[in-house]
Amino acid sequence: MGTKNAPTRTFDPQRFLNSAGAARKVATYQPSAIIFAQGDPCPSVMYIRTGAVKLSVLSKTGKEAVVAMLGPGDFLGEGCLAGQPLRMATATAMARSRVLVVQKNAMIRLLHKQHAFSDRFITHMLARNIRIEEDLVDQLFNSSEKRLARTLLLVARYGKQDKPARVLPKLSQEVLAEMIGTTRSRVNFFMNKFRKLGFIEYNGGLKINNSLLSVVLHN
């Protein structure tokens, strides 16, 4: 007798890490807490369960640059798998965040033995590389207004499979200016413009409307 195929279930790395006992600990960070600092030892990979995390780098002259905003389902600290002995950036919680911490050796064993998990991790790394390339193109060729709109949509996780975060974690205009490479006054000008056009709202937090996408798509 034939049997019906069971429905395919999306691989859940969080559930897998929990069931495999690979997570050595679950850490909770309050807003503005440092998860790890640039120059710290690099012994583990982390998986964000909830919250939002900012990655920033500090130059020798003391200038800080925000290089990424990460959210639920993202990994961070994976540089240890490529032999990095020290953290290359500082990770800061932008909202109350819960993070699974997986030691380097445990992570390497999982990647070798668990193909579904390995596939998920490789997909994550490829997506991160594509995002870096897109950020570079955005920085080189797009106006600061378009870069701001794209950054807000990315932080709101527009286009992600999980439910978009319509209300963003608290982000200062200084942080947004660092992320897109412009001044705070320019960010303030464009945020007021977006609000007047109905692209964003301030109501117990910053709410991103889908109409903001029109700024990114406009030539």
Inset, instruction - First compute the accessible area of region 25-115 with a 1.4 Å probe, then give the percent of it belonging to carbon and sulfur atoms. - result: 56 percent
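Taking the Cβ of MET88 as the center, what net charge do the other residues with Cβ under 12 Å away carry, scoring Lys and Arg +1 and Asp and Glu -1?
On the way: positive: ARG87; negative: ASP40, GLU78.
Within the 12 Å Cβ shell, the charges total -1.
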Legend entry - Whole-percent carbon and sulfur share, accessible surface of region 165-207, 1.4 Å: 50 percent
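Might you tell me the accessible area per residue for region 38-157, computed with a 1.4 Å probe and given in Å²? Present the calculation step by step, with values, prior to reporting the outcome.
On the way: 5880 Å² over 120 residues.
On a per-residue basis, region 38-157 sits at 49 Å².
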Inset, instruction - At q = 0.14, 0.19, 0.29 Å⁻¹, work out log10 I(q)/I(0) for region 87-147 with the Debye formula, treating every Cα as an identical point scatterer and leaving solvent out; two decimals please. - result: -0.68, -0.99, -1.12
Inset, instruction - Search the structure for amide H atoms under 5 Å from the amide H of ASP74, placed 1.01 Å from N in the peptide plane, and list their residues when 5 or more places away or on another chain. - result: ILE48
Inset, instruction - Evaluate the Debye formula for region 61-219 with equal point scatterers sitting on the alpha carbons, no solvent, and hand back log10 of I(q)/I(0) at q = 0.08 Å⁻¹, in q order, two decimals. - result: -0.28
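Rg to Rh ratio, region 27-116, alpha-carbon atoms and Kirkwood radius?
Numbers: Rg = 13.3 Å, Rh = 13.5 Å.
Ratio of gyration radius to Kirkwood radius: 0.98.
The values are calculated or read from the model by the stated rules, or taken from the named source; none is laboratory data. These numbers come from a predicted model, not from an experiment. When we count neighbours, we look across all protein chains shown, and the Cβ atoms used for this are built from the backbone with ideal geometry, even at glycine. All accessible areas refer to the heavy atoms of the entire protein, side chains included, with ligands and DNA or RNA removed. Shrake-Rupley method; radii C 1.70, N 1.55, O 1.52, S 1.80 Å.
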